[in-house]
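Novice: Pasting a structure here, questions to come.
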Amino acid sequence: MVHFTKRMSRGCSLVWLSGLWIAGLWGQNPNQPVLPYSPSLNLGSMERSVDPCVDFYHYACGGWQKQNPIPPDQASWSVYGKLYEDNLKFLRGILEEAGKPASGRDTVTREIGDFYAACMDEAAVNQRGISPVRPQLDAIASLKSTKEIAPLVSRLQLAYGEDLLFSSGSSQDPDSSEQEIAELSQGGLGLPDRDYYVKDEARMREARDHYLQHVQKVLQLAGENSPKAKQDAATVMRLETAFAKASLTRVEQRDPYKLKHKMSPAELTQLAPNFNWTAFYREGGYPKFAVLNVEEPDFFKEINSLLASEPIENWKAYLRYHVIDAASPYLSSNFVDENFEFHRKYLHGAKEQQPRWKRCVSYTDHNLDDALGQAYVAKVFSPELKASTLDMVERIERAMELRIQGLDWMSSETKEQALAKLHGIRNKIGYPDKWRDYSPIKLSRDNFFSDIQGTTEFESHRQINKIGKPVDHGEWQVPPPTVDAYYDPQMNDINFPAGVLQPPLYDPKTDAAPNYGNTGGTIGHELTHGFDDEGSQFDAKGNLRNWWTKEDREKFDSRTKCVRGQYAQYIVVDNIHINSALTLGEDVADLGGEILAYMAWKDATKGQNLQTTDGLTPDQRFFIGFAQWDCANQRPEDLRVSAVTNPHSPPEHRINGVVVNMPEFANAFSCKQGQPMTKAPEKICKVW
Ligand SMILES: [Zn+2]
């Protein structure tokens, strides 16, 4: 759902259910796959013929890239993605056991088992065809004027969790972070970003052509004749293009002040009077509220004027297409196939559809995350693992404290505020203290679509019901098996789900050097997000408040400018450069994180007599461990979407772009001035 500020994560994209890595812990049942152990430093993943001083990423990951071609059902492949795949296989075992209709299953087992079994019953899903969405299509067909649109949009948003026209939900008050308020934000697009509608580049024009064809096909599958579907597709494109033009860019959305427009419900009605907000909120069962945040008022003004200028028939075409497209993954195979053809194959370059079981495992993890999460952490996250990773987190935080205290460019006034913010950070490790109860949902083992809608509506209501209540600091935004971590600026917390604290990312069997390089870097990355160009605008309590002196902020900005200039030179794919105004926060976090990890590692191992192993010094092993968190292959199509939408730089630049700024790296590999991985001292970027 919506959040005023977006979560800032380590991984390229947060895939639901990314991360069970359970080596040997689930061995009792011979039918359960046992996952191979993989160390946090893998010599076989290296390509030693590459000179680390010329291209460190390919030196550390070249072997991995050769041994791991992208599977046909994937758009990209990486260490994280591979974990995801192994975990899917593992979870399949849990779910197939849970799905056997034995008596005496406990509640959680029955919930996840029935949901999965219903999804796997493809014959029943195919037999229903498009009928599950008929009631909603009928409701759209019966609309008589644009005045009636609001309550229906409200119902459809709840049922699909989609940003139909726009997005609505709850968020922390930017000025008073302990309070949840209502929020509205831009949305309504079918292509991955507003740029796809407004840019006159060949690849964008091509994507628009394919999108028109896709919309037409979807409408024809739903029974429209070809000329009508073609005309409707043009209407959908025209409306969405108007939405896109009124939308903020991704770079603009990184400025939290551009997203803060608090108002009363009466002011919202003044802003966009053609939409019946009272009916919208009443129909959705929203609690009464006195204040909401409208992230992009101009977007809602545009919706308002379109409601006056566009006849109801055009809105019906828009709603019809989006309802069917959102429902397609859960409908019969003709809809599933067309959905794959456009979204995953054309846009991201995947060659084949994923087998059904993979999709069903993912849906279960996404829609019943805490239920499946419980089954997971019981097996994989021991108290010892929690204690050892918490120790690492605390050491990285101490490194940050020393770093702040030692900065020669920052005044003591700002330092005091920065330290207060650091000390205010909550560390969340593994999984939530309290599990969500799904028992109010009526789940059935023979109606997959109704299970999807039931669980989606449950989550929509849960989000909406936060409005007017104090913030729950125990809540997580991702399921425990996720292979990713995040920082939330309004919560001022760093979150490391159990899935990201498993080998080969965190490997209790290996020594500290690669573990600090890898997981230490992840911890440092999330911590640095609290102090990147965006996160640093929030204070210790998570309020949007400037705690910097003017002079210090200017010095900080000139430091981030160095990073921005560096990454702007790198190519993503073809001749497309990194949009480094978009990736700046992540690039700063990557650099800061690795510097902190290195400091913390040195401190944790001081006085120890560290030895060279496999011909690699401890310092070299630290840096190789770092690089190997992000070994990856990516299809060019996927890279092209990433170039527009992904706030993270491509893997090779996330590694090489960091080490060039660390003289410790050049020392470790005896790199010389003039070599590509060695920057002249005066050109080195350092933010923290
Ligand atoms: Zn990040």
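Novice: Given the pairs LYS245/LYS415; LYS428/LYS606; LYS144/LYS217; LYS561/LYS602, which span a C-alpha to C-alpha distance of over 32 angstrom in this model? Please report the intermediate quantities before stating the final value.
Specialist: Working: LYS245/LYS415 41 Å; LYS428/LYS606 27 Å; LYS144/LYS217 26 Å; LYS561/LYS602 29 Å.
Among LYS245/LYS415; LYS428/LYS606; LYS144/LYS217; LYS561/LYS602, the Cα-Cα distance tops 32 Å for LYS245/LYS415.
Novice: Name the shape class, rounded, prolate or oblate, that the alpha-carbon gyration tensor gives for the range 38-145, where a ≥ b ≥ c are the square roots of its eigenvalues, rounded holds for a/c under 1.5, and otherwise prolate holds if a/b is larger than b/c and oblate otherwise. If you can, show how the numbers build up before the last one.
Specialist: Numbers: a/c = 3.92, a/b = 1.85, b/c = 2.12.
Taking the square roots of the gyration eigenvalues as a ≥ b ≥ c, the range 38-145 is oblate.
Novice: Helix 149-160 sits at what angle to the longest principal axis of the chain, using alpha carbons and giving 0 to 90 degrees rounded to 10?
Specialist: With rounding to tens, the tilt is 50 degrees.
Novice: Quick one: divide the alpha-carbon radius of gyration of the range 613-683 by 2.2 N^0.38 Å and tell me what you get.
Specialist: Numbers: Rg = 14.6 Å, N = 71, 2.2 N^0.38 = 11.1 Å.
Against the compact-globule rule of thumb, the ratio is 1.31.
Novice: Now, a different point. Scan around ASP493 for amide H atoms under 5 Å from its own, H built in the peptide plane at 1.01 Å from N, and keep only partners 5 or more places away or cross-chain.
Specialist: Result for ASP493 returns ARG426, ASP488.
Novice: If you line up the long axis of helix 356-367 against the longest principal axis of the chain, both from Cα atoms, how many degrees apart are they, to the nearest 10?
Specialist: Once rounded, one gets 90 degrees.
Novice: Counting alpha carbon pairs within less than 8 Å and at least 6 residues apart, what relative contact order, in whole percent, applies to the range 162-209? Write out the running numbers ahead of the final one.
Specialist: Working: 49 pairs, mean separation 14.3, N = 48.
Relative contact order comes out at 30 percent.
Novice: Next question. Taking 7 Å along the Cα-to-C-beta vector as the label spot, tell me the LYS258-SER226 distance in nanometres, rounded to one decimal.
Specialist: Going by the 7 Å Cα→Cβ label model, 4.4 nm.
Novice: Also: Kindly express, to the nearest 10 degrees and within the range 0 to 90, the angle between helix 312-327's C-alpha long axis and the longest C-alpha principal axis of the chain.
Specialist: Taking Cα atoms only, the helix is inclined about 50 degrees.
Novice: Give me the lysines in straight-line cross-link reach of LYS672: C-alpha distance below 21 Å, same-chain residues under 8 apart excluded.
Specialist: Within the straight-line limit of under 21 Å, LYS672 reaches these lysines: LYS683, LYS686.
Novice: Convex hull over the Cα atoms of the chain, averaged projected area in nm²? Mind showing how you got there, number by number?
Specialist: Working: hull surface 118.5 nm².
If you wrap the Cα atoms of the chain in a convex hull and average its projections, you get 29.6 nm².
Novice: Please report how far the C-alpha centroid of the range 475-536 lies from that of the range 113-132, rounded to the nearest whole angstrom.
Specialist: 37
Novice: Let me ask something else about it. Could you tell me which of VAL659, LEU372, HIS529 has its Cα farthest along the dipole of the chain towards the positive end, charges placed at Cβ (Lys, Arg +1; Asp, Glu -1), taken about the Cα centre?
Specialist: LEU372
Novice: What percent does the relative contact order of the range 601-688 come to when contacts are Cα pairs within less than 8 Å and at least six residues apart? Walk me through the numbers on the way to the answer.
Specialist: Working: 44 pairs, mean separation 19.7, N = 88.
Here the relative contact order equals 22 percent.
Novice: Beta carbons within 10 angstrom, averaged per residue: use that to sort the peptides 548-561, 165-178, highest first. List each step's numbers first, then the result.
Specialist: On the way: 548-561: 14.9, 165-178: 21.4.
Taking the mean over residues of other Cβ atoms within 10 Å, the ranking is 165-178, 548-561.
Novice: Out of LEU95, ILE112, LEU137, whose Cα points farthest toward the positive end of the dipole of the range 85-138 (charges: +1 Lys, Arg; -1 Asp, Glu; placed on Cβ)?
Specialist: Sorting the options by dipole projection puts first LEU137.
Novice: If you don't mind, another one. Take the Cα coordinates of the range 338-391, assign each an equal point scatterer, and use the Debye formula without solvent to give log10 I(q)/I(0) at q = 0.21, 0.22, 0.23, 0.25 Å⁻¹.
Specialist: Debye curve over Cα of the range 338-391, log10 I(q)/I(0) at q = 0.21, 0.22, 0.23, 0.25 Å⁻¹: -0.82, -0.85, -0.88, -0.95.
Novice: With a ≥ b ≥ c the root eigenvalues of the C-alpha gyration tensor of the range 276-393, is it rounded (a/c under 1.5), prolate (a/b larger than b/c) or oblate? Don't skip to the answer; put the middle values down first.
Specialist: Values: a/c = 2.51, a/b = 1.39, b/c = 1.81.
Note, shape of the range 276-393 comes out oblate.
Novice: Now for a separate question. Given LYS301/LYS541; LYS260/LYS345; LYS260/LYS550, which pairs have Cα atoms separated by over 27 Å? List each step's numbers first, then the result.
Specialist: Details: LYS301/LYS541 33 Å; LYS260/LYS345 37 Å; LYS260/LYS550 22 Å.
Distance filter (> 27 Å) returns LYS301/LYS541; LYS260/LYS345.
Novice: Which Cα, out of MET677, SER444, THR249, lies furthest along the positive dipole direction of the chain (beta carbon charges, K/R +1, D/E -1)?
Specialist: SER444
Novice: Roughly how far apart, in whole Å, are the Cα centres of the range 147-176 and the range 41-111?
Specialist: For the range 147-176 versus the range 41-111, the Cα centre distance is 35 Å.
Novice: Where does the chain land at 222 nm, in deg cm²/dmol rounded to the nearest 500, when only DSSP H runs of n ≥ 4 count, each adding -39500 (n - 2.57), divided by all residues?
Specialist: -15500 deg cm²/dmol
Novice: Take the alpha carbon atoms of the range 437-521, find their radius of gyration, then divide it by 2.2 N^0.38 Å using N residues; give the quotient.
Specialist: On the way: Rg = 18.0 Å, N = 85, 2.2 N^0.38 = 11.9 Å.
This ratio for the range 437-521 stands at 1.52.
Novice: Would you pull out the residues with amide H under 5 Å of SER78's amide H, same chain only if 5 or more places away, H placed 1.01 Å from N?
Specialist: Residues meeting the criterion, in which the H sits 1.01 Å from N, are ASN633.
Novice: Could I ask something else about it? For the chain, give the share of DSSP beta bridges that are antiparallel, in percent and rounded to the nearest 5; count only bridges with both residues there. Can you show the working numbers first?
Specialist: On the way: 23 of 31 bridges.
Of all bridge pairs located within the chain, approximately 75 percent are antiparallel.
Novice: As a footprinting exposure proxy, order THR519, THR107, THR605 by other Cβ within 10 Å, with the fewest listed first. Walk me through the intermediate numbers first.
Specialist: Working: THR519 28, THR107 11, THR605 16.
Going from least to most buried by this count: THR107, THR605, THR519.
Novice: Which residues in the range 121-160 have a backbone N closer than 20 Å to a point placed 7 Å from the Cα of ALA308 along the Cα-to-Cβ line?
Specialist: Under 20 Å, as judged by backbone N against the label point of ALA308, lie 145-150 of the range 121-160.
Novice: Further, regarding this structure: Relative contact order for the range 51-194: what percent, with Cα pairs under 8 Å and sequence separation of 6 or more?
Specialist: Details: 83 pairs, mean separation 13.7, N = 144.
This gives 10 percent for the range 51-194.
Novice: Also, quick follow-up: Using alpha carbons only, what's the Rg to Rh ratio of the range 348-457 with Rh from Kirkwood? Please report the intermediate quantities before stating the final value.
Specialist: On the way: Rg = 21.9 Å, Rh = 18.5 Å.
My calculation puts Rg/Rh at 1.18.
Novice: Next question. Quick one: which residues, 5+ away or cross-chain, put their amide H under 5 Å from the amide H of VAL471? H built at 1.01 Å from N.
Specialist: It is GLN179, GLU180, by chain and number.
Novice: Let me ask something else. When the Karplus curve 6.51 cos²θ - 1.76 cosθ + 1.60 is applied with θ = phi - 60°, which whole-Hz ³J(HN,Hα) does each residue of the range 471-480 get, with x for Gly and Pro?
Specialist: With coefficients 6.51, -1.76 and 1.60, one gets 5, 9, 6, x, 6, 10, 8, 9, x, x Hz.
Novice: Right, something else. Would the range 140-225 count as rounded, prolate or oblate if I go by the C-alpha gyration tensor, calling it rounded below 1.5 in a/c and otherwise prolate when a/b exceeds b/c, oblate otherwise?
Specialist: Details: a/c = 2.94, a/b = 1.36, b/c = 2.17.
Oblate, because a/c is 1.5 or more while a/b does not exceed b/c.
Novice: Taking the alpha-carbon centroid of each part, what is the distance from the range 314-374 to the range 649-682 in angstrom?
Specialist: Here the two parts' Cα centres lie 42 Å apart.
Novice: Let me ask you something else. Can you bin every Cα-Cα distance in the range 208-259 into 5 Å intervals starting at zero and give me the percent of pairs per bin, rounded to whole numbers?
Specialist: The distribution over the range 208-259 is 4, 20, 21, 14, 11, 9, 9, 7, 4, 0, given as percents.
Where a number appears in this text, it was derived from the coordinates with a stated rule and is not lab data. No experiment lies behind these values; they were computed from the predicted model shown. Methodologically, a virtual Cβ is constructed for each residue, glycine included, from the backbone with ideal geometry; neighbour enumeration extends over all protein chains shown.
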